[in-house]
Amino acid sequence: MYISQNSGHHRAALAIERALRLLDQTVQTKSINSFNYTNPILEKIINKTYMALIKKRPEVWEYLYDNPMIVKKSQRLKESIHKYNSGRMRSLLEDFRPDTIICTQAFPCGIVADMKKSGNLHTPLIGILTDYAPHSYWVYNDVNAYIVPSEETGQKLLQNGVSESKIKPFGIPVDPKFFTKHNREELLNKHSLDLNKPVVLIMGGGQGLGPMKKMVPLLDRSPVDFQAVVITGKNKKLYNSLIKEKKHFKKKMLIYQFVENIDELMEISSLILTKPGGLTTAEAMAKNLPMIVIHPLPGQEMMNTRFLLENKLAVKADDEKSAVVLLEELLSNEEKLNNIRTDIKKKAKYDSSLKIARFVLEMAL
């Protein structure tokens, strides 16, 4: 179970499904956008409110995110929402009769945990965190196991009262295809890119957020010789705007919307300029790709940024101009890029989804 189509939570759920099928072709899975399934109207309202907050009033989201006072005051409301949504959830579980329930987001995890608490459900429940810092809405006594991105994330769950035996630092589940090495020259030819110039990948998550509209023209004016691949996600306005400007660009710029071959694009890139969503970060690390982080969202992305910087896995730009300067410095300093790659190798979980899938199958027995 996940929430929001084409989100990091969704990509994590799909990665686990694919890993399960690689290990056991007889396994049956059902992947559910739980918020949409239980309450589609409320999902639309909350998604619109969330997007409006992070675009126009990010400081409000920063205040609300994992605020202990808000968590405490919202406890009764949360329990009411879980109870209201548990009817359809119960029907789903009675119909499918799963041997294990996996949640890649805290909302469905809370509903199922409350159902287990009432004694009406005994199926093992696994919570899978897709960001590097757990928030308080994840913590329930009736979750049987937590899959966490790193040992540091596990320590924070321990501090919130979760038993050490429940914490499994297997990593964020990324699609098994990210563990496959490709022929770089063939991929560059496939995308009509120059074999002798570095490739910069520019992303703003599934929603195409961040300063890409300002960033791309600035990068195009850089004196450093490189080519770029820009992913605008579901942001059609941004895509159309960049396509119109493309004829004026001096550098080779590939402009794509939502893509399914991000593993290939990461493989051919020398570095990525991105917002630090949990899945994007884990995918980049699986491809040993140095990151420049810019404009992280308050809450989960700020916490992800802290993890990346503390472990020297990325550098952070304060604004668009400093991002260009950092990019030029890194592309001109192969030793520094290699140092970042070395640190990524120490922290990356290269078999995360397969390790999680094996654990899930053991729990299902």
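The values are calculated or read from the model by the stated rules, or taken from the named source; none is laboratory data. It should be emphasised that the depicted structure is a prediction, and the values quoted were computed from it without experimental measurement. Note: ideal-geometry Cβ built from the backbone for every residue, glycine included; neighbour counts use all protein chains shown. For accessibility, only protein heavy atoms count, side chains too; no ligands or nucleic acids. Shrake-Rupley method; radii C 1.70, N 1.55, O 1.52, S 1.80 Å.
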- Task: Using a 1.4 Å probe over the heavy atoms of the protein chains, calculate the carbon and sulfur portion of the accessible area of the chain as a whole percent.
- Result: 51
- Measuring from centroid to centroid over Cα atoms, what is the spacing of the stretch 245-285 and the stretch 1-44 in Å? 24
- Task: Compute the long axis of helix 300-310 from its Cα atoms, compare it with the longest principal axis of the Cα atoms of the chain, and write down the angle in degrees, 0 to 90, nearest 10.
- Result: 60
- Percent RCO, i.e. relative contact order, over the stretch 223-281, from Cα pairs under 8 Å lying at least 6 residues apart: 38
- So which lysines can LYS177 reach, going by Cα to Cα under 16 Å and dropping same-chain residues fewer than 8 places off? LYS287, LYS349, LYS355
- Note on the structure: Computed over the chain: longest principal axis from alpha-carbon atoms vs helix 40-56 long axis, angle to nearest 10 degrees, is 40
- Note down the nm distance, to one decimal, between modelled labels 7 Å out along Cα→Cβ at ASN288 and at GLU152. 2.2
- Working out 0.36 nm times the residue gap between PHE359 and PHE258, then minus their Cα-Cα distance, what length gain in nm do you get to one decimal? 33.2 nm
- Message: As a test, work out the antiparallel percent of DSSP beta bridges whose residues both lie in the chain, rounded to the nearest 5.
- Response: 0
- Note on the structure: Sorted by chain and then number, the residues having a modelled amide H within less than 5 Å of the amide H of LEU273, at least 5 places away or on another chain, are LEU201, ILE202, MET203, ILE292
- Query: Which entries in LYS213/LYS275; LYS213/LYS234; LYS312/LYS346; LYS197/LYS316; LYS190/LYS336; LYS213/LYS247 show an alpha-carbon gap greater than 18 Å?
  - Reply: LYS197/LYS316; LYS190/LYS336
- Task: Compare the peptides 297-303, 351-357, 272-278 by average per-residue count of other Cβ atoms within 10 angstrom and give them in order, highest first.
- Result: 272-278, 351-357, 297-303
- Row for the stretch 223-272, column shape: gyration tensor on C-alpha, a ≥ b ≥ c, rounded if a/c < 1.5 i.e. under 1.5, prolate if a/b over b/c, else oblate; value oblate
- Note on the structure: Under the 7 Å Cα-to-Cβ spin-label approximation, SER118 and LYS44 lie apart by a distance in nanometres of 2.7
- Exposure ranking of ASP220, ASP99 by accessible area [1.4 Å probe, largest first]: ASP99, ASP220
- Length gained if ASN196 through ASN339 is fully extended, taking 0.36 nm per residue and subtracting the Cα-Cα distance, is 49.3 nm
- Per residue solvent-accessible surface (Å²) - the chain, probe of 1.4 Å: 49
- Task: Compare the peptides 248-259, 21-32 by average per-residue count of other Cβ atoms within 10 angstrom and give them in order, highest first.
- Result: 248-259, 21-32
- Item | Estimated inter-spin distance, GLU310 and VAL224, nm [label 7 Å along Cα→Cβ] | 2.8
- Taking only Cα atoms, what is the 0 to 90° angle, nearest 10, from helix 320-331's long axis to the longest principal axis of the chain? 70
- Note on the structure: Amide H proximity to ILE102 below 5 Å, modelled H, separation 5+ or other chain, gives ILE126
